[in-house]
Structures are given as C-alpha cells and as structure tokens.
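Here is the structure we will look at, set down as structure tokens.
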Amino acid sequence: MDTQQVSAPSRAPSSGVVHINIRLTDGYSIISNRLSQHRGMSLLAIGLGTHIQSLPAGRRIGVKALAAIFPESEARIAAALRELEHHGFLRRIRERVQGGRVATRTESYNHPEAAARRAGVVGAGGVAGGSGGAVPVPVRKTKAAPAPVPVRETALAPEPEPKAAPVCEPVPAPVPARVPEHESAPAPAAVPAPALVHVPTPEPVAVRESRPEPPSRLVPPPTAPKPPPPPMPFPRRPGDALLAEAARLLAGLQATAPLFALTERDVEVLTPGVAAWLERGVRPAAVRAALTDDPPVPLRHPAKLLRHRLIALLPPSLPAPVPVVPLQNCDDCDRAFRSSVPGHCGECRETRAYGGEPQLLGV
C-alpha cells in the first residue's frame, strides 16, 4: 500500500474566495465577464445588467417595473440604466408601431465591442455571420443652419430698366457613343457606403428648480442693548401668611432636591413668585415638582433656573368667585328669601303694593 504524502499541496486556495459549484441543468443564464467584472460601472448597474440578461425576450424593464420588484428607488434604478446605456450594454430605441403609437424597444448586449464591430461590417456592405444580433442604427450628424446676416437699411436706388434677353439658339444634346455588341458597357464604380458610427445617447442633465431665497434674518450686532428680563410675578393680595408659606417652600427645596440649595438672598427674591403661584390655587407639592423636576446637567445657577420657571410656567389666574347673596327673613311672614338687605319678601311687597293686609307672624 502506498504511503500518503502529507506535504502535498491542497488544491483549494488558502485565502480568497472558494467556489463550490454544482452543475446546473435548468434555471441558469450565461453572463459575460465583461459585464460581471466591469471596472467602470457601479455594483448596482452590474447587478441590474445581470438581471436584464437573465430575463426572457419581451419582458418589460422600465423604471416603474423594476422599482416594483427591487427595493431600490426609481432614481437609483434610472441612474443604473443610464450607466448600462453609456457603456454599451443597453440601448433604448423609440419607434412607431401600428395605430400611430410610439413604443420603446430595449436591446441588451452581452458583448458591446463585438456588436459594434458587426455593425461596422454590415455598414460597409458585408453580411455578418453567426446569429443575428441587434445592430445600432446609424446616427447622421446634421450641420447647424448658418445664422441670418443682418441687413442694413440703405437708401433705395432707382431700379435699372430691364434689358431685352438675347435670343439663344437651342443646343443639341450630346449623342452617346455606340458601344459594339461584342463589348459590354463598363459597370459604374461602386460607391462605398458610409461607415456606421454608434453614438451613445447623452445622459440627461438634471435641471434644478430655482427656489426662492429665504428672507434674511435681522441679527442684532453684539454691541446692541439687550432687552430687560421679564418681571417676577407678584401676588394680587400679598399677606404675611402667604409670603411666609412661599419662603418656607423655597427654603425646603434642598431637602427633596439637593441641587437647589439657595441662599437667603435668593429666597427673598423668589418668594413673591412662589406666592403668586400659591395664590392662584396651585398646591405646594405641585409647585415644588414644577420647579425642580428634570433639571439640566450640570446645574450651575439654580436660582436663575427657578426664576425662569416661575415666569415661563406661571399658571392662569383663578376665575372670580360668584358673589353669594345672603338669606333674610321676611318681617311679615317670616319666610326666608335672598337679599342683601333685610325687609319683606316679594309676595309681601306685592300685597302691600295693592293695599292688602299683610300676613302677620303667627297668623
């Protein structure tokens, strides 16, 4: 039995890609390396060209149809189609069909160079061998029309009198020479057909819509005077009990929020603002939460933050209370009625107005 050679090199490469290929019998397409390994196109264009090469004849490959299949946007698919058209792998032709309609025919090339050489042979008068492929249609370059020459206005000169035309005798047409029967007439020289040149369709130039310029912002200079800060809210009916409760609330903020340690001067300045909140019906716990919740990090000036929040988050004033009319007892019938002054009820006043006898108490 032979000895196994341990030092024999392996057939598989030690690095890079390793192909694990299985022989295919159906469901495959032959793609040229000129497309799959093209160095001048993007991967999106190469992948789209490979997909188009694998499609059967007659399948629609418009931008809308491709965008409905793949996740790329219509703009990226349109750019990839322009890349394929620029490098010769794709060609779109607009031709008129039955009914006067204009249809777009798309031709896909797996070998653009060979197709261009075949088009040159056919244009020179030969017949291309092999399977018939799509041949680019020749594009003739037209010369631009000359610009009109401006005519200067000049004074009109008198026209000369027309002279009589000289009488000319008719000139006989030349008679072609007879060729002997045994000699055949020379064949006309063949004029070579112009060579066909494939001119790629230029890419459309994106035209940007002109947008109106935004209005210029008036930025004040650095030396401009700053507007005065808004005033601190103040209670409408300040009282000693109300101000004392506000000062007690500010002094106790550091117990629940250690970052808000205030000085005695800060408590004196902020007390009217907290008193205005308490006067408007806000509970002390709600005032404490509104002033200390979610502070910035780091908190450098707690008194300035509290002053800003007392001004910016000030709640609305409570509606004015409806005055309550007190109850009174009628002097005649002793019935209760609402009135700001004592006296008689409405029924007793009406009886007295018509001269009736009042209803005395206890009757």
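Between the amide H of Leu90 and those of Glu85, Tyr109, distances stay under 5 Å, these residues lying 5 or more places away or on another chain, with hydrogens modeled in the peptide plane. Expressed as a whole percent, the accessible area of the range 240-336 that falls on carbon and sulfur atoms is 58 (1.4 Å probe). Taking all Cα pairs closer than 8 Å and separated by 6 or more residues, the relative contact order of the range 26-107 comes to 22 percent. Net charge of the neighbourhood of Arg105, taken over other residues with C-beta under 15 Å away and scored Lys/Arg +1, Asp/Glu -1, is +4.
Estimated from the Cβ-Cβ distance and a Förster radius of 35 angstrom, the FRET efficiency linking Thr50 and Ser14 is about 0.75. Using all Cα-Cα distances in the range 55-108, what percent lands in each 5 angstrom bin from 0 up to the longest? Calculated P(r), rounded to whole percents: 4, 18, 22, 26, 19, 8, 3, 0. Length gained on full extension, Ser36 to Phe234: 63.4 nm, using 0.36 nm per residue less the C-alpha separation.
The values are calculated or read from the model by the stated rules, or taken from the named source; none is laboratory data. Because the structure is predicted, anything quoted here is derived from the model rather than measured. Neighbour counts run over all protein chains shown; Cβ positions are idealised from the backbone, glycine included. Heavy atoms of the whole protein, side chains included, go into the accessibility calculation; ligands, DNA and RNA do not. Shrake-Rupley method; radii C 1.70, N 1.55, O 1.52, S 1.80 Å.
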